[in-house]
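Engineer: Take a look at this one; I'll ask things after.
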Amino acid sequence: MKKPLLSADQQQRVNELVTTMTLAQKIGQMTQTERMAINPEQLKAYHIGSVLSGGGSCPGDNTVAEWVEMNDDYWAASMESDDDHLAIPLIYGIDAIHGNNNIKGATVFPHNIGLGASNDPDLIQRIAEVTAREILATGVEWTFAPTLAVARDSRWGRTYESYSEDPEIVTRYSARFVEGLQGNLGTDSVVACVKHWVGDGGTTNGIDQGETTLSREELERLHMAAYFPALDAGVLTVMVSFNSWQGDKCHGHKYLLTDVLKNELEFDGYVISDWDGIDYLSDYYYDAVAMGVNAGIDMFMVSENWQPFIQHLTQHVENGTVSVDRIDDAVSRILSVKLAYGLFEKPRPKDRHWSNHSSFGSVEHRNVAREAVQKSLVLLKNTEQLLPLDKQTKLFVAGKNAHNRGHQCGGFTIAWQGTSGNDFILGGTSIWEGIKTVAPNATLSATENGTDADPSQHDIAIVVVGETPYAEGMGDIRDGDDIVIQAGSQINGSLKVLEAYGSSLELAKLHPEDLETITTIVAKGIPVIAVLISGRPLLINPELDASSAFVAAWLPGSEGQGIADVLFGDIPFSGKLSFSWPDGRSKNADKPLNRGDKEYNPLFPYGYGLTY
Ligand code: BGC
């Protein structure tokens, strides 16, 4: 038997509250809406239990002080007590998935794919602790992290949110990340949310929100395994996957949500839907609401549509199509989490210990991110021993990602789809800025593409290439409309298929300018060290062949200095691939295989990584 979430006294308090609450108050608790769609007056009037910020959604100028102010106003509304309203503190949620990445000036950590390459569970816990503090600085209490997806097909636009293609590292990390966030549920803690339950990383052909067709055993071995330690560590919330499993959407899946997660695995926190995730269950929203609640979702992330959601759910209870018991179970779970986390006892956001704290974006926090960058880099090639570099070398630095903090942070940074340029990521260093700090004889290409490289002045070039930011379905690699239809066939209700990032994993097709930059410089007789910024392994054969050394840097985040630390040998390379690197010459190049697959024939296998 698992240790109960609450003490006997706390349990009694939950029971008493549920007995006192009206149906409107209960359904309000089950509703989460986006901040843009609700003001404090409405929050109180409808007894809303939670508010979130979607990617990029922020108050005013996105300063920490404005965040605290906003949360304080919502909190005050939720805590008013009168004849019609019970004082129940709201819980505010955000996607702080690589640091508190939505907020200006935050420490931005490498995306999960890079952290997987570092294979360092202690580091993971420290990252989660820093992230918790930067979340608390804004008066927020809950993050939709960690993502426990095991991405099996790098064409999936969310591959970078995954630590590894193999459950091994994800399973080593999950409890440590949860412990780093939730700690002892005290002053330093935030509520964690493991996502997306379940099978998101197994989506066929890497189509976001698509179909996972695996047996129950394989689903458990690959996609549930990492949840077990997180549940043992007491993770308080779980988010449902947009995916279908064997043709049925997870959001309506009673077996997966209630029978497995809540009953078999004894999860006693609450289940939250993904963003408007029930909309795809039926052409009729009214039906979709009951399908979601009856499957076992407790809190509903309804971005804007919260009024119809509340009306429909009320109607269902009145008609008996949703039982009062199910509502009471959902509300008890939500209140239990709020109580276990100590939300009822916390002072208003303005008066909390970490609110507006000077450690937000501090050097101390950035040093943890810098260490993560150092450990995440994977050296794929160093044939001429060009690395480590001498700091006095006359270096030429080029490539579109060399001086672009937005690009190196990737998606889910400041904006949902990320940003471009250096204006939005405050603090930290671009890769060029990191190099410049330690190498006095380095110059940045004025043209980005290296046409200004000059062999009489430059001995070696560092060329930073790769992807530009994307998030979710907009990062998919989809080859033709048939696949779009395939994704759509799993979706009832309104069909929303986002435009894909490209149609092939080949870097030379996605970004032909990169190979051009490398070959332009090499043609002048200057050897190239290529640094690849990417959310996944790409087909890089020609770029690799043209370069003398090659580094996979993933999406390193705000601390570009960590790359210079390793290129100049102050810190050794230690990263190892947590994703197999596909070979552009192999027959299954465009459908990458994973460790353990039949006909596994990667260019670089899982676990690969050179050292000095
Ligand atoms: C994503 C979730 C995220 C949510 C809230 C959804 O589109 O799938 O991972 O937590 O938005 O921003």
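Engineer: Please work out if L380 is part of a loop (DSSP other than H, G, I, E, B), farther than 30 Å from M30 by Cβ and not polar (S, T, N, Q).
Structural biologist: no
Engineer: Give the stretch 214-242 a look and list any residue that's farther than 23 Å from E141 by Cα and crowded, with 20+ Cβ neighbours inside 10 Å, or say none.
Structural biologist: Matches in the stretch 214-242: L219, L222, H223, M224, A226, F242.
Engineer: Same structure, new question: Regarding S574, is this residue assigned to a loop (DSSP other than H, G, I, E, B) and either under 24 Å from the mean Cα position of the chain (by Cα) or under 30 Å from Q457 (Cα atoms) (or both)?
Structural biologist: Considered against the rule, which asks whether it is assigned to a loop (DSSP other than H, G, I, E, B) and either under 24 Å from the mean Cα position of the chain (by Cα) or under 30 Å from Q457 (Cα atoms) (or both), S574 comes out as yes.
Engineer: I would also like to ask the following. Any residue in the stretch 518-534 that is outside any strand (DSSP E or B) and under 28 Å from Q209 (Cα atoms)?
Structural biologist: The answer is yes; a qualifying residue exists.
Engineer: Looking only at the stretch 101-130, which residues are within 16 Å of the ligand (Cβ to nearest atom), touching a residue at least 60 places away in the same chain (Cβ under 8 Å) and among the polar types (S, T, N, Q)?
Structural biologist: If the condition is that a residue be within 16 Å of the ligand (Cβ to nearest atom), touching a residue at least 60 places away in the same chain (Cβ under 8 Å) and among the polar types (S, T, N, Q), then N101, N102 are the ones that fit.
Engineer: If I filter the stretch 591-612 down to residues being of a type in the set (K, R) and touching a residue at least 40 places away in the same chain (Cβ under 8 Å), which single residue comes out as farthest from R478 (Cα to Cα)?
Structural biologist: Here the answer is R595.
Engineer: State all residues of the stretch 424-446 that are in contact with a Lys or Arg (Cβ under 9 Å, 6 or more places away or on another chain) and charged (D, E, K, R); if no residue qualifies, say none.
Structural biologist: Residue satisfying the conditions is E433 alone.
Engineer: While we're here: Looking only at the stretch 405-445, count every residue that is of a type in the set (S, T, N, Q) and touching a residue at least 60 places away in the same chain (Cβ under 8 Å) and tell me the total.
Structural biologist: Looking only at that region, the number is 6.
Engineer: Output the strands (runs of 3 or more DSSP E) that fall wholly within the stretch 26-122 and possess 2 or more residues being within 30 Å of A372 (Cα to Cα) and of a type outside the set (D, E), or say none.
Structural biologist: The qualifying strands (runs of 3 or more DSSP E) are 50-53, 91-94.
Engineer: Of everything in the stretch 175-200 that's within 16 Å of the ligand (Cβ to nearest atom) and not hydrophobic (A, V, I, L, M, F, W, C), which residue is nearest to G234 (Cα to Cα)?
Structural biologist: So, considering only residues that are within 16 Å of the ligand (Cβ to nearest atom) and not hydrophobic (A, V, I, L, M, F, W, C), the one nearest to G234 (Cα to Cα) is K195.
Engineer: Further question on the same structure: Might you let me know whether the stretch 231-251 holds any residue that is away from the ligand (no atom under 16 Å from the Cβ), closer than 20 Å to I334 by Cβ, over 25 Å from the mean Cα position of the chain (by Cα) and part of a helix (DSSP H, G or I)?
Structural biologist: no
Engineer: I've got another one for you. Has the stretch 131-146 got at least one residue that is closer than 27 Å to L214 by Cβ, within 16 Å of the ligand (Cβ to nearest atom) and crowded, with 24+ Cβ neighbours inside 10 Å?
Structural biologist: Among the residues of the stretch 131-146, at least one is closer than 27 Å to L214 by Cβ, within 16 Å of the ligand (Cβ to nearest atom) and crowded, with 24+ Cβ neighbours inside 10 Å, which makes the answer yes.
Engineer: Next question, about the same structure. Has the stretch 70-87 got at least one residue that is crowded, with 20+ Cβ neighbours inside 10 Å, within 16 Å of the ligand (Cβ to nearest atom) and at pLDDT 95 or above?
Structural biologist: Within the stretch 70-87, none of the residues are crowded, with 20+ Cβ neighbours inside 10 Å, within 16 Å of the ligand (Cβ to nearest atom) and at pLDDT 95 or above.
Engineer: Sticking with this structure for a sec: Considering Y285, Y270, Y255, Y280, which residue is in contact with a Pro (Cβ under 9 Å, 6 or more places away or on another chain) and aromatic (F, W, Y)?
Structural biologist: Unique residue meeting the criteria: Y285.
Engineer: While we're looking at this one, here's another question. Criterion first (within 29 Å of G60 (Cα to Cα), of a type in the set (G, A, S) and at pLDDT 95 or above) does A230 satisfy it?
Structural biologist: So A230 fails the test.
Engineer: Further question on the same structure: In the list D287, D274, which residue meets the criterion of being under 30 Å from P4 (Cβ atoms), among the acidic types (D, E) and buried (at least 18 other Cβ atoms within 10 Å of the Cβ)?
Structural biologist: Exactly one residue qualifies, and that residue is D274.
The values are calculated or read from the model by the stated rules, or taken from the named source; none is laboratory data. Keep in mind the model is a prediction, meaning the values are calculated, not measured. With ideal geometry, Cβ positions are generated from the backbone for all residues, glycine too; neighbour counts draw on all protein chains shown.
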